[in-house]
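Here's the structure we're looking at; comments come further down.
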Amino acid sequence: MMEMLQMGKYGAYVWSSYGLALIVMGYVAFKPLLDKKTIFKELSMKYRRESQSNNKQEQA
Amino acid sequence: MMKAIMKFIYQFASPKHFYRLSGKIIPWFAWLAAILLIAGSIDGLFIAPVDYQQGDSYRIIFIHVPAAWMSMFIYMVMAISGAIALIWKIKLADVIASSSAPIGAAFTFLALVTGSIWGKPMWGAWWVWDARLTSELILLFLYLGYMALESAIEDPRAAARACAILAIVGVINIPIIHYSVEWWNTLHQGATVTKLDKPSIHISMLIPLLLMALGFKLYYGAVVLMRARNKVLVTEQNNRWVKEIIG
């Protein structure tokens, strides 16, 4: 098992390549999920403000 | 007939329709990508035989080559989308192009860095200024320039036009990257898969390579659609359908 993970004498090169790919692609994939949350939160706040100011205008 | 086709395209590319349809497609792309990438990695790391010349170091190929293919593929998507947006004024094409840029930049970065990590044990150098490496580095700068240009111009329509033109002009770099290993003397090995002749890579190494390449494509498909959906929500925020979705 250890022998397989060592990749001959190239373990550091091979694993750093795969690790880097995992980090970069993971970040690129999860960033839009976080962005989506922020957008939903901001837009729903904006819509609430708008409807509140509309209600006030109607009352006035 | 042409009118009917264009009507269909415009309808299909309407933000509301796109948002609904892409929401259905993304999970399929994402799961398929995950399965292919896991299978390809296991095959590439543990099952594919050791290379007689390069030992286990060659296993970097299963990240390096698909990433390099994606770096060029995504650039072509951006240029074609840019052209579509300029000619037919389809806004969604601009959204796809600008959503693609950071993903393309990430793949270009990965191709360059994994190439460098592979180059050190094989060539004895992290970097050489030869045609393949230099033209790929220029591709990274094109992506970064595209993103900088987009954020530098305030009017989104003017920004989209300028970016589309930059993307189209930059296409000249793509054949240079591809043929660089034939046109100039280079340390970089020549094509083993993307040539008209039979691929000169053994099937046991070709399978994980193709699994990874397809996985990377589907991964891009899922991420670009997620990014495009976010952009559509923001630009269409004053429309009723967005208000209904946000609730």
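Brief remarks on what is shown
- Among (1) surrounded by fewer than 19 Cβ atoms within 10 Å (Cβ to Cβ); (2) touching a Phe, Trp or Tyr at 6+ places or on another chain (Cβ under 9 Å); (3) more than 10 Å from chain A (Cβ to nearest Cβ), the one test that B:Val95 misses: (1)
- Some residue of region B:221-239 being away from chain A (no Cβ under 11 Å), at pLDDT below 90 and surrounded by fewer than 17 Cβ atoms within 10 Å (Cβ to Cβ): no
- Taken together, B:Leu37, B:Leu21, B:Leu45 contain a single residue that is in a helix (DSSP H, G or I), more than 23 Å from the chain's Cα centre (by Cα) and not basic (Lys, Arg), which is B:Leu45.
- Flag for B:Thr194 being within 30 Å of B:Ile47 (Cβ to Cβ) and touching a helix residue (DSSP H, G or I) at 6+ places or on another chain (Cβ under 8 Å): yes
- Residues in region B:150-180 that are free of Cβ contacts under 8 Å to residues at least 24 places away in the same chain, part of a helix (DSSP H, G or I) and over 15 Å from B:Ala79 (Cα atoms): B:Ser151, B:Ala152, B:Arg157, B:Ala158, B:Tyr179.
- Among the residues of region B:52-72, those that are more than 10 Å from chain A (Cβ to nearest Cβ) and either part of a loop (DSSP other than H, G, I, E, B) or surrounded by fewer than 24 Cβ atoms within 10 Å (Cβ to Cβ) (or both) comprise B:Tyr52, B:Gln53, B:Val65, B:Ala68, B:Trp69, B:Met70, B:Met72.
- Considering residues of region B:166-182 that are in contact with a helix residue (DSSP H, G or I) (Cβ under 7 Å, 6 or more places away or on another chain) and either of a type in the set (Ser, Thr, Tyr) or farther than 30 Å from B:Glu150 by Cα (or both) only, the residue surrounded by the fewest Cβ atoms within 10 Å (Cβ to Cβ): B:Val181
- Within region A:21-32, restricting attention to residues that are more than 7 Å from every other protein chain (Cβ to nearest Cβ) and either surrounded by fewer than 14 Cβ atoms within 10 Å (Cβ to Cβ) or closer than 15 Å to B:Gly44 by Cβ (or both), the residue that is farthest from the chain's Cα centre (by Cα) is A:Leu22.
- Filter pass, B:Ser204 being away from chain A (no Cβ under 14 Å), more than 25 Å from the chain's Cα centre (by Cα) and assigned to a helix (DSSP H, G or I): yes
- Hey, A:Tyr18 under 30 Å from B:Ser57 (Cβ atoms), within 9 Å of another protein chain (Cβ to nearest Cβ) and not in a loop (DSSP other than H, G, I, E, B) or not: yes
The values are calculated or read from the model by the stated rules, or taken from the named source; none is laboratory data. Note that this is a predicted model, so its numbers are computed, not measured. Here the Cβ is made from the backbone with ideal geometry for all residues, glycine too, and neighbour counts use every protein chain on show.
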